[in-house]
Each structure stands twice: as C-alpha cells, then as structure tokens.
Amino acid sequence: MTLPFDLNQRPRRLRRTATLRRMVNETRLSANDFMYPLFVCHGKNVSEPIGSMPGVYHLSVDNIIKQAENAFKLGVPSVLLFGLPKTKNARASEAYAEKGIVQQAVRAIKQNVPDLVVATDVCVCAYTDHGHCGVLRDGEVDNDPSAELLAKMAVSHAAAGADIVAPSAMMDGQVAAIRYALDDKGFKNTAIMGYSAKYASAFYGPFREAADSAPGKGDRKAYQMDPANAREALLETELDVEEGADIIMVKPALAYLDVLSLMRENFEQPLAAYNVSGEYSMVKAAAAKGWADERAVALEMLTSMRRAGADIIISYWAADAARWLAE
Ligand SMILES: [Zn+2]
C-alpha cells in the first residue's frame, strides 16, 4: 500500500547509511569528555575490587599511578581522587594532613604523569567517624565550621599539587571559603569545581561502599538537594559562580538530564555531569545477567549527558569508554 499523498519531509533519507548518519551526527563523544574517578587507599600493591562496582578498585598509591597513566594514554585528560583514610575521627584529621592518602596520591601522580589534570574531591564524610560531610554539633552538621574544615582540606590538596579542588559537601559558602583560603595561601591558580547541584540521591548507594562514607546515623537530606527541585539548582549554581567556582556540576546525571540542560542554558562555565555509582552498577548488574549490552547502554547514557549539555562527564567508564571509542 502507498500513501495517497506526497511526503515533503522524509527524515529517514539522512539515516539511510552509516556515512550519512555520521555526517549529520549532532553529539560526538570522545575521550576528552571524561574525568576518571579513582579511590586511593593506604598500603602497597593494593588493588581491592569494590563488590558493588565491578571494574572499580581501591588502589594504593603505586597502583593509582598506573591507572592514571593508563587513562591518560587512552586520551582521558583528568582524574578525580577520593581517599580512604587510615583512621577516622570527629575532626577528620587525615582529610587535611600533609601526608594524608589523597595528598600522597596527588604528589605521586603529578610526579609520574605531570600533564594529567588532577582533581580532588573535597569532603570529609570518608574521614569522620560519624560519616557526615562536616562538623557535628548537637547532632546537626554545623555549616560554617564545616566550610572552614573543607577550606583547610582544599589547601592541603593544592599544596600537594592538585590542579582542581572539588567541594562536594553542599555546605553554604564552601566555594567562597575555599577560594579565600586558596588565595590567602598563594594558590590563586588552583581551580574550583563546585558540586553545585548535588542531590540527596538513592543512586549513590554503591559509592558508599567504595568510599566507606555512609553516615552512621541519619541521612544527608539537610544539606544535599531535594530531587524534586530544579529552580533550586539554578540558585545553588548562581551562588557557586558568585563565590568563584570555575566549573559547575550536576550530580547525579542520568535522572537529572533536564537539570543539566537548564544549567547549560543559564551558565557560561564548563559544566560537569557526575555519572554516579548507581547508574554504573545498574548497567553492570543487568549486563552480568545478560539483560543489557554494557557497552551500548553505557555509550548511550554518556552521549545523552553530552547532548543535555555536559562538557565534562565524571564516569567510572572513563577508561573503558575511551577504549571503546578508539576502536
Ligand atoms: Zn560528603
């Protein structure tokens, strides 16, 4: 049967061959788009798999150098470091210690892979015995002393050679506190990537095993954002930008693509999307059951984040995706 009228537009014409599709492709994903999160722990030659995140490991400094080098060779320009301290206490003292685990890793990576951009996560939840992202007072996270603690941590990362510090605690004024402290200590060229719109998300589940950072009591809803709010993401980001953030971020990414695209429309700063642990682990689990093609699903997810407006995608797939894209 044929249609009884002529079609003026037939979009399928441009989908007919692979080359035509390549010609009109709107969103290109490349290794340059990725930032690779890595978890560093104490010890030598440690490479401890994280059960809920297949392909992700706790790595000692010697092994993290190899991972970082490998990612850089694949074309990934940057890594984001998370630390697992030896001891946790109420003051999160290893978070800002000169010989803390992240500080050691930053020095080692900068020494061995000097051109790789090294970013560090700045939050104390993995370093406090209570697992909250700041200083507790009467059972609540006390904002201003927490922001000050984050600033101290950021300065120690900068002193170790970090190119970018990335405060993720969602304390009010954390970017301002860090910018002031960095400038005061002579680190005016250290950039800040704000976790500007960080939601209190259930997609962080596997990460808490990875970073051993689950709060002992309560949750983080009193400082992270309500997943129902988009306008508030603009407010949070506006504040981060005013306070001096060089890069802004939406976390998580997949369930928040509308927020990403809203941020792209409203801000000029480079925009990062954090493709979080839950987004990664769901695909890994489905693939292990034969229910999903990991590579195809992962690349589709990552492309959607670029399409929504992300310039930088922080992803546990960074190295794999770079390899897939080069094939
Ligand atoms: Zn935290």
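Would you point out which residue out of Glu69, Glu98 is within 22 Å of Val46 (Cα to Cα), more than 16 Å from the ligand (Cβ to nearest atom), charged (D, E, K, R) and in contact (Cβ under 8 Å) with a residue 60 or more places away in the chain?
Working: Glu69 fails: in contact (Cβ under 8 Å) with a residue 60 or more places away in the chain.
Within the list Glu69, Glu98, the selection yields Glu98.
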Quiz item: Going through the range 202-235 one residue at a time, which ones are within 15 Å of the ligand (Cβ to nearest atom), modelled with pLDDT of 85 or more and surrounded by fewer than 22 Cβ atoms within 10 Å (Cβ to Cβ)?
Solution: Gly205, Arg220, Lys221, Ala222, Tyr223, Gln224
Quiz item: How many residues are within 14 Å of Lys185 (Cα to Cα), of a type in the set (A, V, I, L, M) and buried (at least 24 other Cβ atoms within 10 Å of the Cβ) when one looks only at the range 133-157?
Solution: 3
Quiz item: Inside the range 102-120, can you point out the residues that are within 16 Å of the ligand (Cβ to nearest atom), touching a Gly at 6+ places or on another chain (Cβ under 9 Å) and in contact (Cβ under 8 Å) with a residue 60 or more places away in the chain?
Solution: Val102
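What do you reckon, is Tyr256 within 25 Å of Phe39 (Cα to Cα), buried (at least 24 other Cβ atoms within 10 Å of the Cβ) and under 16 Å from the mean Cα position of the chain (by Cα)? Give the steps one after another, and end with the answer.
Values: within 25 Å of Phe39 (Cα to Cα): yes; buried (at least 24 other Cβ atoms within 10 Å of the Cβ): yes; under 16 Å from the mean Cα position of the chain (by Cα): yes.
Yes.
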Quiz item: Can you tell me which residues in the range 30-40 are buried (at least 19 other Cβ atoms within 10 Å of the Cβ) and out of contact with any strand residue (DSSP E or B) (no Cβ under 7 Å at 6 or more places or on another chain)?
Solution: Ala31
Quiz item: Hey, which of the strands (runs of 3 or more DSSP E) in the range 41-89, taking only ones fully inside, have at least 2 residues that are surrounded by fewer than 20 Cβ atoms within 10 Å (Cβ to Cβ)?
Solution: 47-49
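Rundown of residues vs (1) in contact with a Lys or Arg (Cβ under 8 Å, 6 or more places away or on another chain); (2) farther than 15 Å from Asp311 by Cβ; (3) in contact (Cβ under 8 Å) with a residue 60 or more places away in the chain, yes/no style:
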{"site": "Pro215", "(1), (2), (3)": "no, yes, yes"}
{"site": "Ala222", "(1), (2), (3)": "no, yes, yes"}
{"site": "Pro227", "(1), (2), (3)": "no, yes, no"}
{"site": "Glu232", "(1), (2), (3)": "no, yes, no"}
{"site": "Thr237", "(1), (2), (3)": "no, no, no"}
{"site": "Gly244", "(1), (2), (3)": "yes, yes, yes"}
{"site": "Pro252", "(1), (2), (3)": "no, yes, no"}
{"site": "Met263", "(1), (2), (3)": "no, no, yes"}
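The values are calculated or read from the model by the stated rules, or taken from the named source; none is laboratory data. Everything numeric in this text was worked out from a predicted model, so none of it was measured. Note: ideal-geometry Cβ built from the backbone for every residue, glycine included; neighbour counts use all protein chains shown.
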